[in-house]
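The values are calculated or read from the model by the stated rules, or taken from the named source; none is laboratory data. This is a predicted model, so every value here is computed, not measured. Cβ coordinates were reconstructed from backbone atoms using ideal geometry, including for glycine residues, and neighbour counts include every protein chain displayed.
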Amino acid sequence: MRGRKVDKVDNVDVVDRNNPGGTGGGVSTKSTRATMSTSSTAPVLRLADVQYRYHDGTRALAGASLSVARGERVALVGPNGAGKTTLVLALAGFCVPESGVLEMFGAPVTRASLPEVRGRTGFVFQNADDQLFMPTVLEDVMFGPLKAGVPGPEARRRAESALERMEIATIAGQFPGHLSAGQKRMASLAAVLVQEPELLVLDEPTSFLDPHARRCLIERLKGLPMAQLVVTHDLEMVLELCGRVVLLSGGTVAAEGCPSGLLRDAALMEAHRLEVPHSLRG
Ligand SMILES: Nc1ncnc2c1ncn2[C@@H]1O[C@H](COP(=O)(O)OP(=O)(O)O)[C@@H](O)[C@H]1O
Ligand SMILES: [Mg+2]
């Protein structure tokens, strides 16, 4: 995983630029060796009854359970404060569950397995500025491969290819800070796709985007083969992109199912401060 901020994970310094809030914490101290599954049947992600409380006592996850199969696109929706971002931070190892099961790629997330988990997962956080910090977009996208030891020319080739796949090759030489919100999102995506992750975790990917940039992003995501966990309030996007939706509320899963069925349930939506998307209204 790409890094800017240095976080303490079980007293091991982990350089990481994917920690948007500087949330402290780490992962289990169990010194399990990283023996993650390469089997095509194990879910890429499984949480069962996960509990997490912030230092001030706020209970953000209160028995959350969820799984994502290989290649599956799952939406995680819910009102503000439901625990969605905390769940994403738990996947990245920044929030250590107090109890419950957190497995990725068929093995528990532990201090020992965290580097592998991060290598196999692409995190795209809501604030692109947390993920882009090099002088040019190309260097930002090359950062991951270079950090992983890929020689410069090959890192550049991979980065250019990722930029082309996201259709942003023309901004390779630009300063990320001057890009539009849509370009920043695409650059952040390219910077994780260059590592060929098996799971993509996106927190509010369409926020700050205009309709055209949103459309481009959805089309790119639809064309990607890997599993995706998409945290969003954009329920029209969920209908278009995801095969399953999980409704998180109060730190626990209130409902899950097929998007066109679940999101049509007006009483359920209202009870969790959501709205039936326009395209499903009679
Ligand atoms: N750093 C933090 N310290 C204390 N409480 C927090 C922190 N971050 C989030 N929370 C609280 O945890 C709960 C879940 O928040 P969050 O995961 O951000 O929800 P969501 O992403 O669904 O809006 C909320 O009650 C929120 O106020
Ligand atoms: Mg959030």
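Filter the range 189-211 down to the residues that are of a type in the set (G, A, S) and more than 16 Å from ligand 2 (Cβ to nearest atom), then identify the one that is surrounded by the fewest Cβ atoms within 10 Å (Cβ to Cβ). Top of the filtered list is A190. Test G144 against the stated conditions and say whether it is closer than 27 Å to R214 by Cβ and assigned to a helix (DSSP H, G or I). Spelling it out, G144 is indeed closer than 27 Å to R214 by Cβ and assigned to a helix (DSSP H, G or I).
Okay, residues lined up against (1) modelled with pLDDT of 95 or more; (2) not in a loop (DSSP other than H, G, I, E, B):
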site	(1), (2)
R2	no, no
D13	no, yes
N19	no, no
S40	no, no
G57	yes, no
A60	yes, yes
G93	no, no
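Determine, yes or no, whether L146 is more than 25 Å from G223 (Cα to Cα) and within 16 Å of ligand 1 (Cβ to nearest atom). In short, no. None of L239, L248 is within 16 Å of ligand 1 (Cβ to nearest atom) and either surrounded by fewer than 23 Cβ atoms within 10 Å (Cβ to Cβ) or within 26 Å of A82 (Cα to Cα) (or both) except L248.
Going by what's in this entry, would A82 be described as over 26 Å from L209 (Cα atoms), modelled with pLDDT of 95 or more and touching a strand residue (DSSP E or B) at 6+ places or on another chain (Cβ under 9 Å)? No: the conditions fail for A82. When restricted to residues that are of a type outside the set (F, W, Y), in a loop (DSSP other than H, G, I, E, B) and without any contact (Cβ under 8 Å) to a residue 60 or more places away in the chain, the range 200-211 contains 3. With respect to being under 13 Å from the mean Cα position of the chain (by Cα), within 15 Å of ligand 1 (Cβ to nearest atom), in contact (Cβ under 8 Å) with a residue 12 or more places away in the chain and in a strand (DSSP E or B), L87 falls outside the description. Among the candidates P79, P97, the residue that is touching a residue at least 24 places away in the same chain (Cβ under 8 Å), within 16 Å of ligand 2 (Cβ to nearest atom) and in a loop (DSSP other than H, G, I, E, B) is uniquely P79.
From the list E196, E160, the one residue that fits, being under 29 Å from P115 (Cβ atoms) and more than 21 Å from the chain's Cα centre (by Cα), is E160. Being in a helix (DSSP H, G or I), farther than 28 Å from L241 by Cβ, touching a helix residue (DSSP H, G or I) at 6+ places or on another chain (Cβ under 7 Å) and modelled with pLDDT of 95 or more is a condition met by at least one residue of the range 156-170.
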